[in-house]
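What follows draws every value from the coordinates through simple rules; no lab data is involved. Keep in mind the model is a prediction, meaning the values are calculated, not measured. Here the Cβ positions follow ideal geometry from the backbone for every residue, glycine too, while neighbour counts run over all protein chains shown.
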Amino acid sequence: GLRGWDTFDWGVDRDHRYLPTSQQEVLEKAAEFGIRGGLTMSMHDHRGRFAALTFASNEAHPPFLRSLTRYEKAMQLVAINVHIHARRRLAEDCVVDGITLTRREFECLKWAACGKSAWDISQILGVSKRTVTFHQENAKAKLGVRTINQAVVRMAARARS
């Protein structure tokens, strides 16, 4: 579920003294590309993941800002739905039996399913063999299996269902 929510408007003509330097730089860089103002809705879920939906404009005080502020609750629902949809799409290929693996864990298992050794996978991905082993061990632990072959079988069974 959702843990935290923050909605704020921003723009090139706002007082930025209270912002950290890194955030001031982001606003300055956006202005260089013609983005002068907008509204951002940020959210944090119970797992500590962060997402934001931003409406930006080439105007410092865009007319749509009043409408977005007026309909903030409805826009929050839009933002939540966009976030849920994006998370599902991004994690779609990394779920095995309801267990979410990181992209790298999933990728290491896919290469192992092709008969590649940890060393082979390290060469393909451009990482160390130790890194591949780390991701494979994490995948095995998450899936509750002892061997890479068992993890690959679980992944293959998911692909057939």
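Things worth noting here:
- Calculated from backbone phi, Karplus (6.51, -1.76, 1.60) coupling profile of the stretch 23-30 in Hz, x at Gly/Pro: 6, 4, 5, 4, 5, 5, 5, 4
- The simple Förster model, with R0 at 25 Å and r as the Cβ-Cβ distance, assigns I84 and F8 a FRET efficiency of 0.70.
- For the chain, the relative contact order comes to 16 percent (Cα pairs under 8 Å, sequence separation of at least 6).
- Additional length obtainable on full extension of the chain from K116 to I99, 0.36 nm per residue less Cα span: 3.8 nm
- In the chain, the sites counted are chymotrypsin sites (Phe, Trp or Tyr not before Pro) in DSSP loop states with at most 11 other Cβ atoms within 10 Å, and the longest stretch holding none of them, exclusive of the sites, is 34-161.
- Under the combined filter of DSSP loop state and at most 11 neighbouring Cβ atoms within 10 Å, the stretch 57-143 retains none of its GluC sites (Glu not before Pro).
- Nearest-ten-degree value, helix 103-113 long axis tilted from longest Cα axis of the chain: 20
- Rounded to the nearest 500, the 222 nm mean residue ellipticity of the chain from helices alone is -16500 deg cm²/dmol, with -39,500 (n - 2.57) taken per DSSP H run of at least 4 residues.
- Hz values of 3J(HN,Hα) by residue in the stretch 117-128 - Karplus curve (6.51, -1.76, 1.60), Gly and Pro given as x: 7, 4, 5, 4, 4, 4, 5, 5, 8, x, 10, 6
- Within the shell defined by Cβ-Cβ distances under 12 Å, the residues around H135 carry a net charge of +4, with Lys and Arg each +1 and Asp and Glu each -1.
- Pair Q24, A156: separation of 7 Å Cα→Cβ label points (nm): 5.9
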